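Rule-based calculations on the coordinates, nothing more; no lab input. In this text the structure is predicted, and so the values were computed from the model without any measurement. Neighbour counts are summed over all protein chains in view; Cβ atoms, including those assigned to glycine, are modelled from backbone coordinates with ideal geometry.
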Amino acid sequence: TVYPNPEIASIAVAHRIASLIKNKQQKGESAVLGLATGSTPHRVYVELIRMHKEEGLSFQNVITFNLDEYYPMQPDAEQSYVSFMYNTFFDHIDIDKNNVHIPDGTISKNEIHGYCLEYERKISALGGLDLQLLGIGRTGHIGFNEPGSAPNSGTRLVTLDDLTRRDASRNFGGKENVPTKAITMGVGTIFKAKEIILMAWNSTKADIVKKAVEGPITAEVPATYLQLSDNVEFVLDTESSSAL
Ligand code: GLP
C-alpha cells in the first residue's frame, strides 16, 4: 500500500494496531505485538501515544516482543533499543512493564543460545505474534537478519553487516563505536507472525524496497523472503515506492 507521505501511512498503521488491541480487549484476550526500532516506526508510536492520551486507548492487555538489540549493550545506554523503546513509547502508555520483552544485550556469551530459545518459547507459549512490525535496513535486513540469513532462522546472535554499522554510526559517534554483533529474532520467528507489516519511507529506501518486492528471492536480501508469505503487507510512501 502506497501512501502520500510517512505521516499518513504511520497513522493508518497505528489505527490497525489499535483495532487489533481493542478486538482482543473485547474478547478478554491479550494482543501479542512484535515491535521494531529505528526512525521508520517512530511516528506509529507517536500516534499510539496520542490515542492513549486523547482517546483512552489502553495497552494493559498488550504483550510486546522487540525484534532485536545490539550486542553487547547495556540497557541504560543511550543507544540501546531498550532506551529507544522506553523513551519513544513504553514510558508514555499504560503497558505493564512485565509484558515488555526486548533481547538482553548483557547476557553472557555462553548463555545466549539458551536465552534465545527461551525468547522463542515465550512467544510460542502465547500463541505466537498477532502482528509483527518491521522496518528494512539498506542491506535488506529485517530485524538484524543480515545477508546470508536462512529463511528458517530463529532468534540468535548475529554479526552486523558493514553497511548496517555505517548507517548506525551517527547514533554512536562513529562506526568504530557501533557493536559488531546483535541478538535478533530470526526470519523464521518473524514468519510465524499472523500478520506482518513492513514499513519504509523516503528515497533512501527505494532501491532496497524494489529488490525486496520485485527481486529474486535470495539470502543476499533477506527481506525478499517476505515474498513467500501470504500475511505480509508493505506500507510505503511515494518516495520509497518510486522504483517499483
Ligand atoms: C536497524 C534495526 C532494524 C530497522 C533498520 C532501519 O538496523 N535493527 O529493525 O528496520 O535499522 O532503520 P530506520 O528505520 O532508522 O531506517
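For the stretch 192-202, does any single residue satisfy the condition of being among the β-branched types (Val, Ile, Thr) and in contact with an Asp or Glu (Cβ under 6 Å, 6 or more places away or on another chain)?
Yes: the stretch 192-202 contains one or more residues that are among the β-branched types (Val, Ile, Thr) and in contact with an Asp or Glu (Cβ under 6 Å, 6 or more places away or on another chain).
Here is a list of conditions, (1) touching a residue at least 40 places away in the same chain (Cβ under 8 Å); (2) surrounded by fewer than 24 Cβ atoms within 10 Å (Cβ to Cβ); (3) within 13 Å of the ligand (Cβ to nearest atom); (4) of a type outside the set (Lys, Arg), and LEU133 meets all of them except one; can you say which number that is?
Of everything listed in (1) touching a residue at least 40 places away in the same chain (Cβ under 8 Å); (2) surrounded by fewer than 24 Cβ atoms within 10 Å (Cβ to Cβ); (3) within 13 Å of the ligand (Cβ to nearest atom); (4) of a type outside the set (Lys, Arg), LEU133 misses just condition (2).
Checking LEU157 against (1) touching a Leu at 6+ places or on another chain (Cβ under 8 Å); (2) farther than 21 Å from VAL13 by Cβ: exactly one of these is not met. Which one?
Condition (1) is where LEU157 drops out.
Criterion first (free of Cβ contacts under 8 Å to residues at least 12 places away in the same chain, of a type outside the set (Asp, Glu) and assigned to a loop (DSSP other than H, G, I, E, B)) does THR139 satisfy it?
When the stated conditions are applied, THR139 does not pass them.
So, in the stretch 58-97, of the ones that are of a type in the set (Gly, Ala, Ser) and touching a residue at least 24 places away in the same chain (Cβ under 8 Å), which residue ends up farthest from ILE112 (Cα to Cα)?
In this case the residue turns out to be SER58.
Which residue is farthest from the ligand (Cβ to nearest atom), if the candidates are limited to the stretch 11-44 and must be of a type in the set (Ser, Thr, Tyr) and crowded, with 22+ Cβ neighbours inside 10 Å?
If we take residues in the stretch 11-44 being of a type in the set (Ser, Thr, Tyr) and crowded, with 22+ Cβ neighbours inside 10 Å, then THR37 is farthest from the ligand (Cβ to nearest atom).
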